[in-house]
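The values are calculated or read from the model by the stated rules, or taken from the named source; none is laboratory data. What you see is a predicted model, and the numbers here were worked out from it, not measured in a lab. Backbone-built Cβ (ideal geometry, glycine too); neighbour counts: all protein chains shown.
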Amino acid sequence: MPSVLIHYSYLQLLDLLTTIAFLVQGVQEGNPLVRFAIHLTPSPIAGLMMVKIAAVMLGVYCWRAEKTRLLGRVNIMFAALIAWNLVALILGSVFPASLA
């Protein structure tokens, strides 16, 4: 498995974990499609897992279709998103009203 796909899968896992951290803090999911999936399933974790499995499947498709440049760009976007999520979680723990 190429590193770009491994990185993509790892970033999907980190996004899953930061999303769970937000949900535990009482923050609503910002992505309307993910929010729909969360409400569609009996458990928010099941909805998130469904979305992340689909995302990894899309990543595998891109890799098989030799769209590694696209995956690399998506990796940059997810890395920035995860960094943003971590900063928001840290600030939310210091200033609790900022997460609401």
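Worth a mention:
- Among helices (runs of 4 or more DSSP H) entirely within segment 11-100, having at least 3 residues that are surrounded by 14 or more Cβ atoms within 10 Å (Cβ to Cβ) and at pLDDT 95 or above singles out 44-64, 68-94.
- Look at segment 7-18: where a residue is of a type outside the set (Phe, Trp, Tyr) and a partner is outside any helix (DSSP H, G or I), sitting 6+ places away or on another chain with Cβ atoms under 9 Å, you get Ser9/Met1.
- Residue within segment 87-97 that is of a type in the set (A, V, I, L, M) and under 14 Å from the mean Cα position of the chain (by Cα) present: no
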